[in-house]
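Let me begin by presenting the structure, written as structure tokens, before commenting on it.
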Amino acid sequence: MLFIYNLVVLFASQILKLLALFSPKMKLFVDGRKSVFQTLKDKIHLEDKVFWFHAASLGEYEQGLPVIEKVKQQFPHHKIVITFFSPSGYEVRKNNAIADVTVYLPLDSKANAKQFLDLIHPEKVFFIKYEFWPNYLNELKQRSISTYLISGIFREKQVFFKWYGGFYRNALKMFNYFFVQNEKSKALLQSIGFTNVRVSGDTRFDRVVAILEKDNSLDFIKQFKNNQTTIVIGSSWPKDEELLVNFINQSVDNVKFIIAPHNIKSEQIQNLKNSITKSTILFSEKENQNVSNYQVFIIDTIGILTKIYSYADIAYVGGGFGNPGVHNILEPATFGIPIVIGSNYSHFAEATALVGLEGCISIKNQTELNEAFNLLLQNEDERYEKGHICSTFVQMNKGATDRILKLVV
């Protein structure tokens, strides 16, 4: 089976080169890997002590960040290597401050795995949440390098738990320990014979709790809010915005809205602005403007949404009308804000939990969105109670990072 797998990897590497001629994202995927080995040769030396963290994309990087930061604090003289599989992770975080080296992970061939590990010679390796590459894992096992899965999550539909999944079950045998998010994941691993499992929880809770200790002030957002009730709309998609714009256009004048769309392409931003009848200003237009005079503020930049949530009285988190589903609700939750989301959230444990606890309201259509916002706007006690549920939920679930590090470093 490994022979067939390696043929598939070889075939895929050639197909990807062809696709790169037509797809900008695939071009980043292919071209970004061309310089990986030279970068490692330049930045990692034989005498260096190294920890390697692998993240599939941006979400997994953010999930692993609390562990990476703690490891960096405890081992300041070690070098940290972070790898990404996806351009959507690497291109956003390639200049992060925590890692000594950040690169794409070369495709999972035997030759790549050997060369990669020869160059970085890690003491310990951490795969974040998922991604199980057989050649890398086999090579790590042969070299007796301690390898861990952190914030792992498993589902019944995954190939490991099928009768035909023996090849990938063997790959799991290469891990020294699994740190999983919930009891269900632990039970699934135990059902196929793995006992080296601990429910540590989700390290994302530690990351968002740490946000509270940072300076989240933004003077221009404070000026815009001007002590008025404010709804912050984060990571919205067009399907979200159709409903939201309808509500905004018929809303009362003493409520303000901040919209931070998922996609900030200029044409899409302009279309969004044109659809709103209330006075609206873009982030890119705010210089020399008194933003307090406007009712809607569209954030056509990235990197400040977390801080903006700290000014919200109510949050709407987008993505819940598409696939894979709702975006990160933990950032507004940590600030103690009631949250409204779309109906596609079942694959996200934190969203499912907060809907069940009634800190978060899920809506399916315009009527339900209007009802949810009006309830929260008109009933301050309801707003406070749901916000308190959200912040308490985050605080009760922190600590995964320490539980992991007690056993591995």
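The values are calculated or read from the model by the stated rules, or taken from the named source; none is laboratory data. Source: prediction; values computed, not measured. As a convention, Cβ positions derive from the backbone with ideal geometry for all residues, glycine included, and neighbour counts pool all protein chains shown. When the accessible area is computed, the model is the full protein with side chains, heavy atoms only, and any ligands, DNA or RNA have been set aside. Shrake-Rupley method; radii C 1.70, N 1.55, O 1.52, S 1.80 Å.
What does the charge dipole of segment 19-201 about its Cα centre add up to, to the nearest 20 debye, if the Cβ of each Lys and Arg holds +1 and the Cβ of each Asp and Glu holds -1?
Magnitude of the dipole: close to 380 debye.
Name the residues of segment 302-340 whose amide N is less than 18 Å from a point 7 angstrom out from the Cα of Lys239 along the C-beta direction?
316-329, 340
What does the convex hull of the Cα atoms come to per residue for segment 261-329, in Å³? List each step's numbers first, then the result.
Details: hull volume 8.4 nm³, N = 69.
Hull volume normalised by residue count: 122 Å³.
Using only the alpha carbons, work out the radius of gyration and Dmax of segment 19-201 in angstrom.
Reported Rg and Dmax, both Å: 16.3, 46.
Modelled label-to-label distance, Gln268 and Ala12, 7 Å Cα→beta-carbon offset: nm?
2.7 nm
Run through all the Cα pairs of the chain and give the fraction in each 20 Å bin from 0, expressed as whole percent.
Using 20 Å bins, I get a P(r) of 24, 53, 22, 0 for the chain.
I'd like the trypsin sites (Lys or Arg not before Pro) in segment 340-406 restricted to DSSP loop residues with at most 14 other Cβ atoms within 10 Å, sorted by number.
Numbers: sites: Lys364, Arg383, Lys386, Lys398, Arg403, Lys406; in loops: Lys364, Lys398.
When the trypsin sites (Lys or Arg not before Pro) of segment 340-406 are filtered for loop state and at most 14 Cβ neighbours within 10 Å, Lys364 remain.
Around Val408, what is the net charge, scoring Lys/Arg as +1 and Asp/Glu as -1 over all other residues with Cβ under 12 Å from its Cβ?
Values: positive: Lys70, Lys124, Arg198, Arg403, Lys406; negative: Glu123, Asp402.
Local net charge: +3.
Report the label-to-label distance for Leu375 and Asp219 in nanometres (one decimal), using points 7 Å from each Cα along the Cα→Cβ vector.
Placing both labels 7 Å along Cα→Cβ, they lie 4.0 nm apart.
Could you please report the charge total around Phe224, scoring K, R as +1 and D, E as -1 over all other residues with beta-carbon less than 11 angstrom from its beta-carbon?
+3
Leaving out ligands, DNA and RNA, and with a 1.4 Å probe, what % of the accessible surface on segment 19-201 is carbon or sulfur?
53 percent
Set the Förster radius R0 to 41 Å, insert the Cβ-Cβ distance between Phe75 and Thr277 as r into 1/(1 + (r/R0)^6), and round the FRET efficiency to 0.05.
Computed FRET efficiency for Phe75 and Thr277: 0.15.
Please list, by residue number, every one of the GluC sites (Glu not before Pro) in segment 181-287 that is coil in DSSP and has at most 14 other beta-carbon atoms within 10 Å.
Answer by residue number: Glu213, Glu287.
Where the accessible area of segment 216-396 is counted over protein heavy atoms with a 1.4 Å probe, how much of it, in %, is carbon and sulfur?
Carbon plus sulfur share of accessible area: 47 percent.
Could you give the dipole magnitude of the chain about its Cα centre, charging the beta-carbon of Lys and Arg +1 and that of Asp and Glu -1, in debye to the nearest 20? Walk me through the numbers on the way to the answer.
Details: 45 positive and 40 negative charges, 344 e Å.
Charge dipole of the chain: 1660 debye, to the nearest 20.
If packing is taken as the average number of other Cβ atoms within 10 Å across a peptide's residues, how do 175-181, 299-305 rank, most packed first?
Top of the packing list down: 175-181, 299-305.
Sort the following peptides by mean Cβ neighbour count (other Cβ atoms within 10 Å, averaged over residues), highest first: 328-337, 143-152.
Highest to lowest by the protection proxy: 328-337, 143-152.
Given a 1.4 angstrom probe, what's the average accessible area per residue across the chain, in square angstrom?
It amounts to 47 Å² per residue over the chain.
Can you pull the semi-axes for segment 242-370, root of five times each eigenvalue of the Cα gyration tensor, sorted largest first, whole Å?
They are 25, 16, 15 Å, listed from largest to smallest.
With +1 on each Lys and Arg Cβ and -1 on each Asp and Glu Cβ, and nothing else charged, work out how big the dipole of segment 216-396 is about its Cα centre, in Debye to the nearest 20.
Charge dipole of segment 216-396: 300 debye, to the nearest 20.
Any chance you could run the full-extension gain for Gln250 through Ser144? It's 0.36 nm times the residue separation minus the Cα-Cα distance, nm to one decimal.
Roughly 31.8 nm would be gained on extension.
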